[in-house]
Amino acid sequence: MPISDFGYSMTAHFLTIPRTSYIMNSIVAGLLLIVSICLILISFVVLRFTISFTINEEFREIGVMKALGLKNSSVRGLYLVKYLGISVIGAVIGLALSFPFGNALMRSVSNNMVLGSDNTVLLNFLCSAIVVLVIMFFCWKCTSRIKKLSPIDAVRSGQTGERFKKKGLMHLGRSKLGATGFLAFNDVFSSPKQFGVMTVIFTVCLLLIMSLANTANTLASEKLLPLLCAQKSDVYITDSNMISKVMTGETTYEEIKRDIEQKLADNGMPGKVTSETLIFPTIEANGRKVSPAFSFNRDSKASEYVYSVGYAPKYANEIALTEQVAEKLGTDIGDTVKITIDGKTNDYMVTAFFQSMIQLGESGRFHESVDIPDKLIKQVMGYQIDFDDSPDKAEINKRISRIKNIFDTKYVDDTDGFVMSCIGANIKDTINGIKLMVILITAIIIIMISILMERSFITKEKGEIALMKAMGFRTGSVIAQHSLRFAIVAAVASLLSAALSTPVTRLCINPIFSIMGALNGVDYNIRPVEVYVIYPVIVFAATVAGAFFTALCMKRIKASDTSDI
């Protein structure tokens with residue numbers, strides 16, 4: 001049963017539990033916020049490239065306007081009017097699309113959170129106006145390069161003909177690279193600012209995809225089992241009808257457990273059935289009271305679970321708490337608290353702290369020897385099955401299909417499936433949907449940047465390209481040189497992303513998990529082939545493709561164009 005269902009089944013026992021009915025949606029909201037911030041930053045960089053490309057291509061017009069007496073502010077004003085029109089059109093289109101898109105999001109969220117929306121029209125208009133103002137301010141800053149252009153630039157094709165330092169750190173005589181490779185590497189090293197900005201953008205795009213992939217893979221991984229206060233088993237049954245019979249008192253936990261074991265034995269799959277159960281006792285300490293969700297499993301030892309500080313409870317009068325509960329009670333390891341169970345109050349010593357995502361981290365654990373009556377069990381995490389013959393994964397998958405037929409339920413999973421059912425089956429799919437959307441947007445952005453930058457390079461280096469052709473370089477060699485420069489950038493971005501993916505994922509995603517109770521973060525499930533091979537290859541291919549197809553226009557540049565130098 002998903003964690004989100006706990007709030008509906010236990011409201012009578014703990015009034016703040018309904019918060020967990022939508023806490024998993026906060027994961028998606030947090031990820032969307034991170035994605036939005038990154039895409040906004042990238043969009044401004046793309047805008048900067050676009051403006052720079054426009055100014056580089058129109059240096060003649062700018063020089064002529066200055067020769068005719070127009071001031072810098074007047075020339076910049078002409079560009080700002082154009083950008084104002086474009087930004088207003090974009091804001092209007094975005095405003096029109098925001099209503100159906102926002103309504104669709106609200107419908108999906110309202111199903112879980114029971115929310116509505118007020119004043120959305122006014123808010124959307126206000127946001128659109130702010131976006132236009134921010135864009136115009138950014139455009140004003142980006143057009144400051146117009147001040148440096150003079151009428152003489154129109155005559156010299158944007159070149160001053162002056163260079164007071166050598167280009168690059170490499171020497172052709174010492175290089176073992178061919179002419180094409182040397183020129184490409186030398187161009188990258190001689191323009192660190194220009195190519196460095198591109199590297200940063202590509203790295204951010206890759207890190208965004210990698211972080212989303214790591215999060216989605218972790219949410220359906222057995223690595224979250226410790227945070228769900230559960231042990232690894234062969235098969236899990238999380239059928240809500242079976243669980244609700246315990247919650248409503250129709251039957252007891254022990255009766256269902258024996259029934260499952262008997263049916264498994266009758267079908268040639270003997271095994272042991274256990275369950276992580278939850279009870280809600282009242283804890284008192286320092287004049288404060290709380291009612292956390294205590295995990296209890298009489299068929300497993302408390303020492304088999306993971307603790308962050310202290311040692312596992314060894315006796316019936318010892319317990320482990322999460323830091324959230326200890327903070328509310330004002331207690332620490334070694335302190336004694338009073339716990340009331342079935343009307344009886346006893347003293348218990350706190351021996352350890354641990355992390356839990358049950359009830360937003362407000363949890364505890366008893367020693368397995370504590371006598372907990374079945375009538376106090378208010379929730380069952382699921383029925384865990386450990387087969388006697390220790391089957392392999394292939395055999396377990398076959399038995400899962402058989403168990404579904406035996407108990408007439410589809411809620412039978414392996415460890416990864418159990419974790420996903422606890423977290424919420426649709427959360428992983430939602431995050432994967434966001435990931436695919438980001439991959440598509442990232443590919444488009446990278447192709448756009450490659451096209452804009454390559455067009456800018458061709459415009460700026462037209463004379464140099466013509467000179468290379470006059471010296472005997474073939475068009476294919478020049479195209480390869482330009483494409484190789486972008487390949488170098490993409491390769492460096494891939495290496496940086498691979499090195500930073502795990503720490504960046506922790507930096508961005510750990511705060512989201514901490515809201516759910518994992519204050520010390522989680523152990524992320526990293527899939528090396530997906531994260532370190534597939535996504536870098538996508539970025540690399542998009543980068544090189546954008547640069548290569550744009551560089552094909554160099555075929556129109558002839559050796560006679562050296563007169564433009």
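The values are calculated or read from the model by the stated rules, or taken from the named source; none is laboratory data. Since this is a predicted model, take the numbers as computed values, not measurements. Using ideal geometry, Cβ is built from the backbone for each residue, glycine included, and neighbour counts are taken over all protein chains shown. Keep in mind that these areas ignore ligands, DNA and RNA; they rest on the heavy atoms of the full protein, side chains included. Shrake-Rupley method; radii C 1.70, N 1.55, O 1.52, S 1.80 Å.
A few points about this structure:
- Pick from the range 329-348, criterion among the aliphatic types (A, V, I, L, M) and either farther than 15 Å from THR282 by Cα or modelled with pLDDT under 90 (or both), ranking: surrounded by the fewest Cβ atoms within 10 Å (Cβ to Cβ): ILE333
- In the set (1) of a type in the set (Asp, Glu); (2) open to solvent by 70 Å² or more (accessible area, probe 1.4 Å); (3) at pLDDT 75 or above, the condition left unmet by GLU162 is number (3).
- Residue within the range 251-262 that is surrounded by fewer than 13 Cβ atoms within 10 Å (Cβ to Cβ) and part of a loop (DSSP other than H, G, I, E, B) present: no
- Hits in the range 280-316 - residues which are at positive phi and in a loop (DSSP other than H, G, I, E, B): ASN286, GLY287
- From ALA326, ALA312, ALA320, ALA293, residue being open to solvent by less than 70 Å² (accessible area, probe 1.4 Å), over 30 Å from GLY417 (Cβ atoms) and of a type in the set (A, V, I, L, M, F, W, C): ALA326
- ILE237 meets the conditions (1) in contact with a Gly (Cβ under 9 Å, 6 or more places away or on another chain); (2) open to solvent by 10 Å² or more (accessible area, probe 1.4 Å) in every case but one. The failed one is (2).
- Residue count for the range 514-548, restricted to those that are without any contact (Cβ under 8 Å) to a residue 60 or more places away in the chain and not in a loop (DSSP other than H, G, I, E, B): 9
- Flag if PRO536 is under 19 Å from LYS223 (Cβ atoms) and modelled with pLDDT of 85 or more: no
- Checking the stated criteria, VAL75 turns out not to satisfy the condition of being open to solvent by 40 Å² or more (accessible area, probe 1.4 Å) and more than 30 Å from ARG506 (Cβ to Cβ).
- Screening VAL114 against (1) among the hydrophobic types (A, V, I, L, M, F, W, C); (2) open to solvent by 60 Å² or more (accessible area, probe 1.4 Å); (3) at pLDDT 60 or above leaves a single unmet condition, (3).
- Whichever residue in the range 368-389 is within 37 Å of the chain's Cα centre (by Cα) and modelled with pLDDT of 85 or more and, among such residues, is farthest from LEU228 (Cα to Cα): PHE387
- Looking across VAL88, VAL45, VAL92, one residue alone is modelled with pLDDT under 80, in contact with a helix residue (DSSP H, G or I) (Cβ under 9 Å, 6 or more places away or on another chain) and surrounded by 12 or more Cβ atoms within 10 Å (Cβ to Cβ). It is VAL45.
- Every residue from the range 445-494 that is surrounded by fewer than 19 Cβ atoms within 10 Å (Cβ to Cβ), over 35 Å from the mean Cα position of the chain (by Cα) and among the basic types (Lys, Arg): LYS460, ARG474
- Condition check for PHE59: over 26 Å from the mean Cα position of the chain (by Cα) and modelled with pLDDT under 75: yes
- Scanning the range 452-477 for residues that are among the β-branched types (Val, Ile, Thr) and closer than 20 Å to PHE53 by Cβ yields ILE458, THR459, ILE465.
- Matching helices (runs of 4 or more DSSP H) fully within the range 402-472 where at least 1 residues are within 30 Å of THR550 (Cα to Cα) and either in contact with a strand residue (DSSP E or B) (Cβ under 9 Å, 6 or more places away or on another chain) or among the acidic types (Asp, Glu) (or both): 425-460, 462-470
- None of ALA265, ALA285 is modelled with pLDDT of 85 or more, over 16 Å from ARG298 (Cβ atoms) and open to solvent by less than 40 Å² (accessible area, probe 1.4 Å) except ALA285.
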